[in-house]
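Q: Take this structure, written in C-alpha coordinates, and hold onto it; I'll ask about it next.
The values are calculated or read from the model by the stated rules, or taken from the named source; none is laboratory data. Values in this document were obtained by computation on a predicted structure and should not be read as measured data. With ideal geometry, Cβ positions are generated from the backbone for all residues, glycine too; neighbour counts draw on all protein chains shown.
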Amino acid sequence: MSEQTPAAAESANRLRVIVVFGGQSAEHDVSRVSAVNVLNALDPRRYDVVAVGIGRDGVWRLVDATAGATVAATAGATVGAVATVDTGGLTTDGTPIDVLAQLRAWNTEGDRRAVVLPVLHGPNGEDGTIQGLLELTGIAYAGSGVLGSAVSMDKEMSKIVLGAAGIAQAAFRTARRWELDAERVSGIADDLGFPLFVKPANMGSSVGVSKATDRAALDAAVTEALRYDEVVIFEEAITGRELEIAVLGNEAPRASVPGEIVAGAEFYSYDDKYRDGAATTIVPADLPPGAADEMAALALRTYAALRAEGLARVDMFYDEGGRGFLVNEINTFPGFTPISMFPMMWQASGLSYPELLDEMIRLALDRHERRSAYRP
(Lines give C-alpha, C1' and ligand atoms only; values in the text may rest on other atoms or scores of the structure.)
Protein backbone atom coordinates (compact mmCIF):
# COMPACT_ATOMS: atom_id res chain seq x y z
CA MET A 1 0.00 0.00 0.00
CA SER A 2 1.43 3.36 -1.00
CA GLU A 3 2.12 5.99 1.60
CA GLN A 4 0.38 9.35 1.56
CA THR A 5 2.33 12.31 0.30
CA PRO A 6 2.85 15.13 2.84
CA ALA A 7 0.31 17.26 0.94
CA ALA A 8 -2.27 14.45 0.98
CA ALA A 9 -1.69 13.80 4.67
CA GLU A 10 -2.12 17.49 5.43
CA SER A 11 -5.36 17.56 3.42
CA ALA A 12 -6.66 14.49 5.26
CA ASN A 13 -6.21 16.23 8.61
CA ARG A 14 -8.19 19.29 7.62
CA LEU A 15 -11.90 19.64 8.14
CA ARG A 16 -13.72 19.41 4.81
CA VAL A 17 -16.01 22.41 4.23
CA ILE A 18 -18.48 22.11 1.36
CA VAL A 19 -19.84 25.43 0.10
CA VAL A 20 -23.11 24.95 -1.76
CA PHE A 21 -24.29 27.94 -3.79
CA GLY A 22 -26.47 29.05 -6.72
CA GLY A 23 -29.84 27.34 -6.76
CA GLN A 24 -32.99 27.68 -8.79
CA SER A 25 -34.59 30.54 -6.89
CA ALA A 26 -34.75 34.16 -8.01
CA GLU A 27 -31.91 34.81 -5.54
CA HIS A 28 -29.44 32.69 -7.55
CA ASP A 29 -27.28 35.70 -8.40
CA VAL A 30 -27.10 36.93 -4.79
CA SER A 31 -26.08 33.44 -3.70
CA ARG A 32 -23.19 33.41 -6.16
CA VAL A 33 -21.85 36.72 -4.92
CA SER A 34 -22.13 35.49 -1.32
CA ALA A 35 -20.27 32.29 -2.22
CA VAL A 36 -17.37 34.18 -3.80
CA ASN A 37 -16.77 36.03 -0.55
CA VAL A 38 -17.15 32.91 1.59
CA LEU A 39 -14.74 30.90 -0.58
CA ASN A 40 -12.16 33.67 -0.50
CA ALA A 41 -12.40 34.00 3.30
CA LEU A 42 -12.12 30.32 4.28
CA ASP A 43 -8.62 29.55 5.53
CA PRO A 44 -7.10 26.83 3.28
CA ARG A 45 -4.65 25.93 6.06
CA ARG A 46 -7.57 24.89 8.25
CA TYR A 47 -10.12 23.66 5.76
CA ASP A 48 -10.24 21.37 2.75
CA VAL A 49 -12.72 23.46 0.74
CA VAL A 50 -15.09 21.98 -1.84
CA ALA A 51 -17.55 24.07 -3.87
CA VAL A 52 -20.83 22.73 -5.22
CA GLY A 53 -22.71 24.99 -7.62
CA ILE A 54 -26.39 24.41 -8.31
CA GLY A 55 -27.28 25.72 -11.75
CA ARG A 56 -30.54 27.34 -12.73
CA ASP A 57 -31.16 24.05 -14.54
CA GLY A 58 -31.12 22.24 -11.20
CA VAL A 59 -27.90 20.34 -11.96
CA TRP A 60 -25.42 20.10 -9.07
CA ARG A 61 -21.81 20.57 -10.18
CA LEU A 62 -18.61 20.05 -8.26
CA VAL A 63 -16.43 23.10 -8.93
CA ASP A 64 -12.77 23.86 -8.38
CA ALA A 65 -13.24 26.03 -5.30
CA THR A 66 -10.00 27.98 -5.66
CA ALA A 67 -10.32 28.62 -9.39
CA GLY A 68 -14.01 29.41 -9.14
CA ALA A 69 -13.47 31.94 -6.39
CA THR A 70 -10.57 33.58 -8.20
CA VAL A 71 -12.36 33.87 -11.53
CA ALA A 72 -15.54 35.21 -9.97
CA ALA A 73 -13.68 37.67 -7.78
CA THR A 74 -11.82 39.18 -10.74
CA ALA A 75 -15.12 39.64 -12.55
CA GLY A 76 -16.19 42.26 -10.04
CA ALA A 77 -18.45 42.44 -7.03
CA THR A 78 -21.72 43.21 -8.75
CA VAL A 79 -24.42 40.60 -9.16
CA GLY A 80 -24.54 40.90 -12.92
CA ALA A 81 -20.82 40.39 -13.43
CA VAL A 82 -20.50 37.38 -11.16
CA ALA A 83 -23.64 35.78 -12.56
CA THR A 84 -22.07 35.58 -16.01
CA VAL A 85 -18.87 33.86 -14.89
CA ASP A 86 -18.38 30.30 -16.15
CA THR A 87 -18.00 28.07 -13.09
CA GLY A 88 -15.45 25.87 -14.91
CA GLY A 89 -13.33 23.19 -13.28
CA LEU A 90 -16.18 20.64 -13.20
CA THR A 91 -15.27 17.23 -11.87
CA THR A 92 -18.74 15.69 -11.90
CA ASP A 93 -22.34 16.75 -12.03
CA GLY A 94 -25.77 15.29 -11.57
CA THR A 95 -28.87 15.33 -9.45
CA PRO A 96 -28.85 16.34 -5.77
CA ILE A 97 -28.94 12.67 -4.80
CA ASP A 98 -25.90 11.89 -7.00
CA VAL A 99 -23.78 14.63 -5.49
CA LEU A 100 -24.99 14.17 -1.92
CA ALA A 101 -24.17 10.47 -2.15
CA GLN A 102 -20.61 11.45 -3.03
CA LEU A 103 -20.53 13.95 -0.16
CA ARG A 104 -21.73 11.23 2.20
CA ALA A 105 -18.94 8.96 0.97
CA TRP A 106 -16.39 11.73 1.57
CA ASN A 107 -17.76 12.20 5.06
CA THR A 108 -17.17 8.57 5.96
CA GLU A 109 -13.55 8.32 4.84
CA GLY A 110 -11.81 7.19 8.02
CA ASP A 111 -12.28 9.76 10.78
CA ARG A 112 -12.69 12.70 8.43
CA ARG A 113 -15.36 15.22 9.23
CA ALA A 114 -17.27 17.43 6.83
CA VAL A 115 -19.62 20.36 7.21
CA VAL A 116 -21.79 22.04 4.59
CA LEU A 117 -22.20 25.80 4.31
CA PRO A 118 -25.48 26.12 2.36
CA VAL A 119 -24.87 29.60 0.94
CA LEU A 120 -28.30 29.53 -0.67
CA HIS A 121 -31.01 32.14 -0.44
CA GLY A 122 -34.72 31.69 -1.03
CA PRO A 123 -36.79 28.63 -2.01
CA ASN A 124 -35.05 25.28 -2.47
CA GLY A 125 -32.19 26.46 -0.32
CA GLU A 126 -33.20 28.46 2.74
CA ASP A 127 -36.62 26.87 3.23
CA GLY A 128 -35.80 23.48 4.74
CA THR A 129 -35.50 21.56 1.47
CA ILE A 130 -31.71 21.24 1.30
CA GLN A 131 -31.63 20.95 5.09
CA GLY A 132 -33.79 17.83 4.79
CA LEU A 133 -31.45 16.36 2.19
CA LEU A 134 -28.46 17.02 4.41
CA GLU A 135 -30.19 15.41 7.38
CA LEU A 136 -30.60 12.26 5.27
CA THR A 137 -26.91 12.24 4.36
CA GLY A 138 -25.85 12.65 7.98
CA ILE A 139 -23.57 15.61 7.22
CA ALA A 140 -23.29 18.60 9.55
CA TYR A 141 -24.49 21.88 8.08
CA ALA A 142 -24.57 25.51 9.14
CA GLY A 143 -27.79 27.25 9.99
CA SER A 144 -31.25 26.26 11.13
CA GLY A 145 -32.73 22.80 10.80
CA VAL A 146 -35.66 21.76 8.66
CA LEU A 147 -38.42 23.23 10.82
CA GLY A 148 -36.68 26.49 11.67
CA SER A 149 -35.70 27.05 8.04
CA ALA A 150 -39.17 26.26 6.67
CA VAL A 151 -41.13 28.34 9.17
CA SER A 152 -38.74 31.29 8.92
CA MET A 153 -38.79 31.29 5.10
CA ASP A 154 -42.58 31.33 4.85
CA LYS A 155 -43.62 34.83 5.85
CA GLU A 156 -47.19 33.81 6.61
CA MET A 157 -46.18 30.99 8.95
CA SER A 158 -43.46 33.03 10.66
CA LYS A 159 -45.92 35.85 11.32
CA ILE A 160 -48.42 33.40 12.79
CA VAL A 161 -45.77 31.93 15.10
CA LEU A 162 -44.46 35.35 16.14
CA GLY A 163 -48.02 36.50 16.85
CA ALA A 164 -48.59 33.46 19.06
CA ALA A 165 -45.36 34.29 20.91
CA GLY A 166 -46.58 37.84 21.57
CA ILE A 167 -43.94 39.50 19.41
CA ALA A 168 -45.02 42.84 17.95
CA GLN A 169 -45.33 43.12 14.16
CA ALA A 170 -46.90 45.34 11.53
CA ALA A 171 -50.54 44.59 10.69
CA PHE A 172 -50.84 42.07 7.85
CA ARG A 173 -53.24 39.94 5.81
CA THR A 174 -52.60 36.89 3.65
CA ALA A 175 -54.39 35.28 0.73
CA ARG A 176 -53.85 32.39 -1.65
CA ARG A 177 -53.94 32.76 -5.41
CA TRP A 178 -57.45 31.31 -5.68
CA GLU A 179 -58.76 33.67 -2.99
CA LEU A 180 -57.57 36.86 -4.65
CA ASP A 181 -60.73 38.07 -6.34
CA ALA A 182 -61.62 41.75 -6.58
CA GLU A 183 -63.73 41.67 -3.42
CA ARG A 184 -60.98 40.10 -1.31
CA VAL A 185 -58.36 42.57 -2.53
CA SER A 186 -60.69 45.51 -1.85
CA GLY A 187 -61.33 44.22 1.67
CA ILE A 188 -57.62 43.95 2.41
CA ALA A 189 -57.02 47.48 1.12
CA ASP A 190 -59.83 48.75 3.35
CA ASP A 191 -58.36 46.95 6.37
CA LEU A 192 -54.75 48.08 5.94
CA GLY A 193 -55.16 51.33 4.02
CA PHE A 194 -52.77 52.84 1.50
CA PRO A 195 -49.86 52.74 1.14
CA LEU A 196 -49.25 49.06 1.79
CA PHE A 197 -46.65 46.47 0.85
CA VAL A 198 -47.30 43.31 -1.15
CA LYS A 199 -44.90 40.35 -0.98
CA PRO A 200 -44.67 36.72 -2.06
CA ALA A 201 -44.73 34.58 1.07
CA ASN A 202 -41.62 32.60 0.18
CA MET A 203 -38.92 34.84 -1.20
CA GLY A 204 -36.10 37.02 0.07
CA SER A 205 -33.84 39.89 -1.03
CA SER A 206 -37.02 41.93 -1.64
CA VAL A 207 -37.70 39.92 -4.81
CA GLY A 208 -41.33 40.37 -5.87
CA VAL A 209 -41.99 43.07 -3.26
CA SER A 210 -43.99 46.16 -4.26
CA LYS A 211 -45.35 49.24 -2.55
CA ALA A 212 -48.92 50.07 -3.57
CA THR A 213 -50.32 53.56 -3.16
CA ASP A 214 -53.66 53.03 -4.91
CA ARG A 215 -55.90 50.26 -6.25
CA ALA A 216 -54.28 50.10 -9.69
CA ALA A 217 -50.82 49.76 -8.13
CA LEU A 218 -52.21 47.16 -5.73
CA ASP A 219 -53.51 44.97 -8.57
CA ALA A 220 -50.12 45.22 -10.31
CA ALA A 221 -48.33 44.36 -7.05
CA VAL A 222 -50.46 41.24 -6.58
CA THR A 223 -49.65 40.11 -10.12
CA GLU A 224 -45.93 40.62 -9.43
CA ALA A 225 -46.01 38.71 -6.13
CA LEU A 226 -47.85 35.80 -7.76
CA ARG A 227 -44.91 35.34 -10.13
CA TYR A 228 -42.98 33.87 -7.21
CA ASP A 229 -45.48 32.18 -4.90
CA GLU A 230 -49.15 31.28 -4.61
CA VAL A 231 -49.42 32.88 -1.15
CA VAL A 232 -49.35 36.69 -0.98
CA ILE A 233 -48.64 38.82 2.10
CA PHE A 234 -50.13 42.30 2.50
CA GLU A 235 -48.55 44.55 5.15
CA GLU A 236 -49.26 48.01 6.46
CA ALA A 237 -46.58 50.55 5.61
CA ILE A 238 -44.64 51.58 8.70
CA THR A 239 -43.35 55.11 9.01
CA GLY A 240 -40.07 54.70 10.81
CA ARG A 241 -36.52 53.42 10.72
CA GLU A 242 -35.45 50.13 9.13
CA LEU A 243 -33.09 48.25 11.42
CA GLU A 244 -31.35 44.89 11.43
CA ILE A 245 -29.45 42.80 13.96
CA ALA A 246 -27.45 39.59 13.60
CA VAL A 247 -27.65 36.53 15.84
CA LEU A 248 -25.19 33.64 16.29
CA GLY A 249 -25.56 30.55 18.43
CA ASN A 250 -27.39 27.34 19.25
CA GLU A 251 -28.38 26.84 22.89
CA ALA A 252 -26.98 30.21 24.00
CA PRO A 253 -27.30 32.64 21.06
CA ARG A 254 -25.95 36.17 21.17
CA ALA A 255 -26.76 39.30 19.20
CA SER A 256 -24.47 41.72 17.39
CA VAL A 257 -24.63 45.49 17.41
CA PRO A 258 -27.61 46.71 15.34
CA GLY A 259 -27.42 48.29 11.91
CA GLU A 260 -29.67 50.66 10.00
CA ILE A 261 -30.69 50.71 6.34
CA VAL A 262 -31.37 54.07 4.69
CA ALA A 263 -33.11 53.26 1.43
CA GLY A 264 -32.04 55.16 -1.65
CA ALA A 265 -35.37 54.51 -3.36
CA GLU A 266 -38.95 54.63 -2.11
CA PHE A 267 -38.24 51.44 -0.18
CA TYR A 268 -35.37 48.96 0.20
CA SER A 269 -35.99 47.03 -3.02
CA TYR A 270 -33.87 44.40 -4.81
CA ASP A 271 -32.49 47.05 -7.17
CA ASP A 272 -31.72 49.35 -4.27
CA LYS A 273 -29.82 46.53 -2.55
CA TYR A 274 -27.85 44.99 -5.40
CA ARG A 275 -28.04 46.99 -8.63
CA ASP A 276 -28.33 50.72 -8.07
CA GLY A 277 -26.25 50.81 -4.90
CA ALA A 278 -28.20 53.85 -3.74
CA ALA A 279 -29.01 52.51 -0.28
CA THR A 280 -26.68 53.33 2.59
CA THR A 281 -25.97 51.38 5.75
CA ILE A 282 -25.06 52.60 9.21
CA VAL A 283 -23.26 50.16 11.50
CA PRO A 284 -23.68 50.42 14.40
CA ALA A 285 -27.03 52.17 14.25
CA ASP A 286 -27.36 55.38 16.23
CA LEU A 287 -29.97 54.47 18.84
CA PRO A 288 -31.00 56.02 22.17
CA PRO A 289 -29.52 54.57 25.38
CA GLY A 290 -30.94 51.14 26.11
CA ALA A 291 -32.55 50.74 22.67
CA ALA A 292 -29.84 48.44 21.33
CA ASP A 293 -30.29 46.12 24.31
CA GLU A 294 -34.05 46.13 23.78
CA MET A 295 -33.58 45.32 20.12
CA ALA A 296 -31.17 42.49 20.92
CA ALA A 297 -33.59 40.96 23.42
CA LEU A 298 -36.40 41.07 20.85
CA ALA A 299 -34.15 39.48 18.22
CA LEU A 300 -33.28 36.62 20.59
CA ARG A 301 -36.97 36.07 21.38
CA THR A 302 -37.69 35.93 17.65
CA TYR A 303 -34.78 33.54 17.07
CA ALA A 304 -36.07 31.17 19.76
CA ALA A 305 -39.73 31.34 18.72
CA LEU A 306 -38.90 30.37 15.12
CA ARG A 307 -36.50 27.56 16.13
CA ALA A 308 -33.55 29.27 14.47
CA GLU A 309 -30.07 27.91 15.11
CA GLY A 310 -26.54 28.69 14.02
CA LEU A 311 -27.12 32.09 12.51
CA ALA A 312 -29.83 34.49 11.41
CA ARG A 313 -30.49 38.14 10.73
CA VAL A 314 -33.59 39.69 12.28
CA ASP A 315 -35.07 42.70 10.48
CA MET A 316 -37.17 45.25 12.36
CA PHE A 317 -38.88 48.58 12.04
CA TYR A 318 -38.83 51.28 14.66
CA ASP A 319 -42.31 52.76 14.51
CA GLU A 320 -42.11 56.48 15.13
CA GLY A 321 -45.83 56.49 15.84
CA GLY A 322 -45.23 55.05 19.29
CA ARG A 323 -45.26 51.27 18.89
CA GLY A 324 -41.48 51.00 19.12
CA PHE A 325 -39.71 47.98 17.63
CA LEU A 326 -41.72 45.78 15.27
CA VAL A 327 -40.27 42.56 13.86
CA ASN A 328 -40.44 42.44 10.07
CA GLU A 329 -38.83 39.09 9.24
CA ILE A 330 -35.94 36.72 9.90
CA ASN A 331 -33.36 35.44 7.41
CA THR A 332 -31.85 32.10 8.42
CA PHE A 333 -28.98 32.34 5.91
CA PRO A 334 -28.53 36.04 5.19
CA GLY A 335 -26.37 37.45 2.43
CA PHE A 336 -22.57 37.36 2.60
CA THR A 337 -21.94 39.82 -0.23
CA PRO A 338 -19.59 42.81 0.20
CA ILE A 339 -22.58 45.00 1.11
CA SER A 340 -24.40 42.48 3.32
CA MET A 341 -25.31 43.66 6.79
CA PHE A 342 -24.83 40.33 8.59
CA PRO A 343 -21.00 40.17 8.32
CA MET A 344 -20.76 43.96 8.68
CA MET A 345 -22.62 43.91 11.99
CA TRP A 346 -20.45 41.11 13.36
CA GLN A 347 -17.30 42.89 12.24
CA ALA A 348 -18.48 45.95 14.17
CA SER A 349 -19.05 43.61 17.12
CA GLY A 350 -15.44 42.41 17.02
CA LEU A 351 -15.77 39.30 14.83
CA SER A 352 -13.93 39.41 11.50
CA TYR A 353 -15.32 37.76 8.35
CA PRO A 354 -13.01 34.68 8.62
CA GLU A 355 -13.71 34.41 12.36
CA LEU A 356 -17.44 34.57 11.65
CA LEU A 357 -17.16 31.62 9.26
CA ASP A 358 -15.09 29.72 11.82
CA GLU A 359 -17.82 30.27 14.40
CA MET A 360 -20.57 29.18 12.00
CA ILE A 361 -18.66 25.98 11.25
CA ARG A 362 -18.10 25.29 14.95
CA LEU A 363 -21.79 25.79 15.68
CA ALA A 364 -22.72 23.47 12.80
CA LEU A 365 -20.53 20.69 14.19
CA ASP A 366 -21.79 21.22 17.74
CA ARG A 367 -25.42 21.09 16.61
CA HIS A 368 -24.78 17.98 14.53
CA GLU A 369 -23.16 16.20 17.46
CA ARG A 370 -26.02 17.15 19.77
CA ARG A 371 -28.74 16.12 17.31
CA SER A 372 -26.97 12.87 16.40
CA ALA A 373 -27.61 11.61 19.93
CA TYR A 374 -31.32 11.37 19.07
CA ARG A 375 -30.84 9.27 15.95
CA PRO A 376 -31.42 5.51 16.24
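Q: Here's a check for you: in the stretch 228-250, which residue that is aliphatic (A, V, I, L, M) and in a strand (DSSP E or B) is farthest from D181 (Cα to Cα)? Lay out the reasoning, then the answer.
A: Applying the first criterion (aliphatic (A, V, I, L, M)) to the stretch 228-250 yields 231-233, 237-238, 243, 245-248.
If we keep only those that are in a strand (DSSP E or B) as well, we get 231-233, 243, 245-248.
Numbers: V231: 13, V232: 13, I233: 15, L243: 34, I245: 38, A246: 39, V247: 40, L248: 42 Å.
Of everything passing the filter in the stretch 228-250, L248 is farthest from D181 (Cα to Cα).
Q: Within the set of pairs 6+ apart or on separate chains, which have a first residue in the stretch 181-201 that is free of Cβ contacts under 8 Å to residues at least 24 places away in the same chain and over 25 Å from A26 (Cβ atoms), a second that is of a type outside the set (G, A, S) and in a strand (DSSP E or B), and C-beta atoms under 8 Å apart?
A: D191/R173
Q: Now for a separate question. Could we say that L300 is in contact (Cβ under 8 Å) with a residue 40 or more places away in the chain and assigned to a strand (DSSP E or B) here?
A: On the way: in contact (Cβ under 8 Å) with a residue 40 or more places away in the chain: yes; assigned to a strand (DSSP E or B): no.
When the stated conditions are applied, L300 does not pass them.
Q: Consider T129 carefully, then state whether it is free of Cβ contacts under 8 Å to residues at least 24 places away in the same chain, in the same structural domain as G23 (by TED's automatic domain parsing) and of a type in the set (V, I, T). It would help to see each step written out before you state the result.
A: Working: free of Cβ contacts under 8 Å to residues at least 24 places away in the same chain: yes; in the same structural domain as G23 (by TED's automatic domain parsing): yes; of a type in the set (V, I, T): yes.
Judged against the criteria, T129 is a match.
Q: In the stretch 322-352, what residues are part of a helix (DSSP H, G or I) and crowded, with 18+ Cβ neighbours inside 10 Å?
A: M341, F342, P343, M344, M345, W346, listed by residue number.
Q: Considering only the stretch 190-223, state which residues are farther than 26 Å from S152 by Cα and of a type outside the set (G, A, S). Reasoning before the result, please.
A: Keep residues of the stretch 190-223 that are farther than 26 Å from S152 by Cα, which gives 190, 193-194, 213-217, 219-220.
Listed by number, the residues that qualify are D190, F194, T213, D214, R215, D219.
Q: Out of R375, R362, which single residue is modelled with pLDDT under 95 and surrounded by fewer than 17 Cβ atoms within 10 Å (Cβ to Cβ)? Full working, then the answer.
A: Values: R362 fails: modelled with pLDDT under 95.
None of the others qualify; the one that does is R375.
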